[in-house]
Amino acid sequence: MIKKTAIRVTASTGNVFRDLGFSKEESEHLLVRADLLIQVQKAIESRRLKQAEAELVELNATLEQRVEERTSELKKRAAQLEAVSSVARTIASVQDINTLLPDISELVSQQFGFYHVGIFLMDETHDFAILRAANSEGGQRMVAVTTSFPASESLNSVAVSRWPR
């Protein structure tokens, strides 16, 4: 046999705590606390969203800066490759070394933005590096008087080691 129980439905008072049986004073106090907790929770969530938004703005600025830096690096690299290509074309088109070396020193200076470019060639015994071409006035005066340096001097460490400095 199944026992049937009657369910009594009553209208809400508008305060869930009063409906649950708390006293009027206590239920009002609990309702105020619940409303405050909801407001605090919304404020915290809003602050989190604002903080996340600020972090995204900062990240975006950082990424934009990195893109600009890399774009600048790539442009510089492209210009350097164009300069190398130009030097290679000059080398291929000029057969006389006395014309070729000054042309290369001038071209390297212009394309890479160097104030002074000097081209040294080692003598037959590799004991001296001889300045054969330069783009600056001072360097050209040194070429005119056949300037050479012992291979052991630090200036010629590039020629001896074959590594750029």
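The values are calculated or read from the model by the stated rules, or taken from the named source; none is laboratory data. Keep in mind it's a predicted model, so treat the numbers as computed, not measured. In this analysis, Cβ positions are derived from the backbone assuming ideal geometry, glycine residues included, and neighbour counts consider all displayed protein chains.
The residues listed here are Glu124, Glu106; of these, the one that is among the charged types (D, E, K, R), part of a loop (DSSP other than H, G, I, E, B) and either touching a His at 6+ places or on another chain (Cβ under 7 Å) or at pLDDT 85 or above (or both) is Glu124. Selection of region 127-151 for residues being at pLDDT below 90, part of a loop (DSSP other than H, G, I, E, B), surrounded by 11 or more Cβ atoms within 10 Å (Cβ to Cβ) and out of contact with any Asp or Glu (no Cβ under 6 Å at 6 or more places or on another chain) yields Asp127, Thr147. Looking across region 98-127, the residues that are farther than 15 Å from Val84 by Cα and free of Cβ contacts under 8 Å to residues at least 24 places away in the same chain come down to Asn98, Thr99, Tyr115, His116, Ile119, Leu121, Glu124, Thr125.
Going residue by residue through region 61-74, is there one that turns out to be part of a helix (DSSP H, G or I), surrounded by 10 or more Cβ atoms within 10 Å (Cβ to Cβ) and in contact (Cβ under 8 Å) with a residue 12 or more places away in the chain?
No, every residue in region 61-74 fails to be part of a helix (DSSP H, G or I), surrounded by 10 or more Cβ atoms within 10 Å (Cβ to Cβ) and in contact (Cβ under 8 Å) with a residue 12 or more places away in the chain.
For Leu101, the test of being farther than 23 Å from Ser152 by Cα and assigned by TED's automatic domain parsing to the domain that holds Ser152 is passed.
Conditions (1) among the charged types (D, E, K, R); (2) within 60 Å of the chain's Cα centre (by Cα); (3) assigned to a helix (DSSP H, G or I), marked per residue:
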| position | (1), (2), (3) |
| --- | --- |
| Ala6 | no, no, no |
| Ala11 | no, no, no |
| Leu31 | no, yes, yes |
| Leu37 | no, yes, yes |
| Val40 | no, yes, yes |
| Lys50 | yes, yes, yes |
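Could we say that Glu25 is surrounded by fewer than 10 Cβ atoms within 10 Å (Cβ to Cβ) and either aromatic (Phe, Trp, Tyr) or in a helix (DSSP H, G or I) (or both) here? So Glu25 fits the description; yes.
Looking at Arg89, Arg47, can you tell me which residue is under 30 Å from Leu131 (Cα atoms), basic (Lys, Arg) and either without any contact (Cβ under 8 Å) to a residue 40 or more places away in the chain or touching a His at 6+ places or on another chain (Cβ under 9 Å) (or both)? Walk me through how you get there before you give the answer.
Details: Arg47 fails: under 30 Å from Leu131 (Cα atoms).
Testing whether each residue is under 30 Å from Leu131 (Cα atoms), basic (Lys, Arg) and either without any contact (Cβ under 8 Å) to a residue 40 or more places away in the chain or touching a His at 6+ places or on another chain (Cβ under 9 Å) (or both) leaves just Arg89.
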